[in-house]
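Visitor: Handing you a structure now.
The values are calculated or read from the model by the stated rules, or taken from the named source; none is laboratory data. Computed from a prediction, not measured in an experiment: that's the story for all the values here. Virtual Cβ from ideal backbone geometry, glycine too; neighbours counted across all protein chains shown. Ligands, DNA and RNA are stripped out before the accessible areas are found, and what is left, the full protein with its side chains, is counted by its heavy atoms. Shrake-Rupley method; radii C 1.70, N 1.55, O 1.52, S 1.80 Å.
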Amino acid sequence: MSTPESQAHPRFAEALRTLGVAELEVRRFPDATRTAAEAAAAIGCGVDEIVKSLIFEADGVPVLVLMDGSSRVDVELVRRELGAEKVKRASADLVRQTTGYAIGGVPPFGHRTKTRVLADRGLLDHAVVWAAAGTPHTVFPMEPKTLIAHAGGALVDVREQTT
């Protein structure tokens, strides 16, 4: 019989144990949940209830941005928030080096290295959000404030505004 944490990537399962939330529900799906739309369809929730864990490079330094699945990150707002000269999406190699996970399975915490974390305030619009558990096939639910606290995130407004 597998435990809930055994569904998660081993590094992420260890992070859950360290945080004292090893009993957290981790769901595994036969089909990949790499994108927010795929995850929402598999879970049966809204795309905006999915947390995207996105790595950016700010003046060459990795930074994690947590954003709801239906929104896009405004790179200029991230640049201003960090006081950086230049911000760009990180390469797949840098994402793996920084987090220890592949794009499509990056969780909001439990990373290989400690990085600065910006969490978009829009995540707080939900009672529960879902995030990757370290693989493209696994997700977990958590109350947004708790998730942001575990990630060590600063609440910011970095969502691209639609007109």
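Visitor: Residue by residue through region 39-94, note down the ones that are part of a helix (DSSP H, G or I) and over 14 Å from residue 158 (Cα atoms).
Guide: To start, the set of residues in region 39-94 that are part of a helix (DSSP H, G or I) comprises 39-43, 47-49, 75-82, 92-94.
Answer for region 39-94, where residues must be part of a helix (DSSP H, G or I) and over 14 Å from residue 158 (Cα atoms): 39, 40, 41, 42, 43, 47, 48, 49, 92, 93, 94.
Visitor: Out of the residues in region 96-113 meeting the condition of being in contact (Cβ under 8 Å) with a residue 40 or more places away in the chain and not in a loop (DSSP other than H, G, I, E, B), tell me which one is surrounded by the fewest Cβ atoms within 10 Å (Cβ to Cβ).
Guide: Filtering region 96-113 for residues that are in contact (Cβ under 8 Å) with a residue 40 or more places away in the chain and not in a loop (DSSP other than H, G, I, E, B), the one surrounded by the fewest Cβ atoms within 10 Å (Cβ to Cβ) comes out as 98.
Visitor: Out of the residues in region 114-128 meeting the condition of being assigned to a loop (DSSP other than H, G, I, E, B) and free of Cβ contacts under 8 Å to residues at least 60 places away in the same chain, tell me which one is nearest to the chain's Cα centre (by Cα).
Guide: Of region 114-128, the ones assigned to a loop (DSSP other than H, G, I, E, B) are 114-115, 126-128.
Filter again for free of Cβ contacts under 8 Å to residues at least 60 places away in the same chain, leaving 114, 127.
Details: 114: 14, 127: 17 Å.
The extreme case among them is 114.
Visitor: Of all residues being more than 18 Å from residue 51 (Cβ to Cβ) and assigned to a loop (DSSP other than H, G, I, E, B) in region 5-37, which is least open to solvent (accessible area, probe 1.4 Å)? Just the residue, please.
Guide: That would be 22.
Visitor: Residues to consider are 47, 87, 75, 61; find the one that is of a type in the set (A, V, I, L, M, F, W, C), open to solvent by 40 Å² or more (accessible area, probe 1.4 Å) and over 17 Å from the mean Cα position of the chain (by Cα).
Guide: Being of a type in the set (A, V, I, L, M, F, W, C), open to solvent by 40 Å² or more (accessible area, probe 1.4 Å) and over 17 Å from the mean Cα position of the chain (by Cα) holds for just one of 47, 87, 75, 61, which is 61.
Visitor: Hey, among 122, 152, which residue is at positive phi, open to solvent by less than 60 Å² (accessible area, probe 1.4 Å) and not acidic (Asp, Glu)? So that I can check it myself, show each step before the final result.
Guide: Details: 122 fails: at positive phi.
Just one listed residue meets the conditions, 152.
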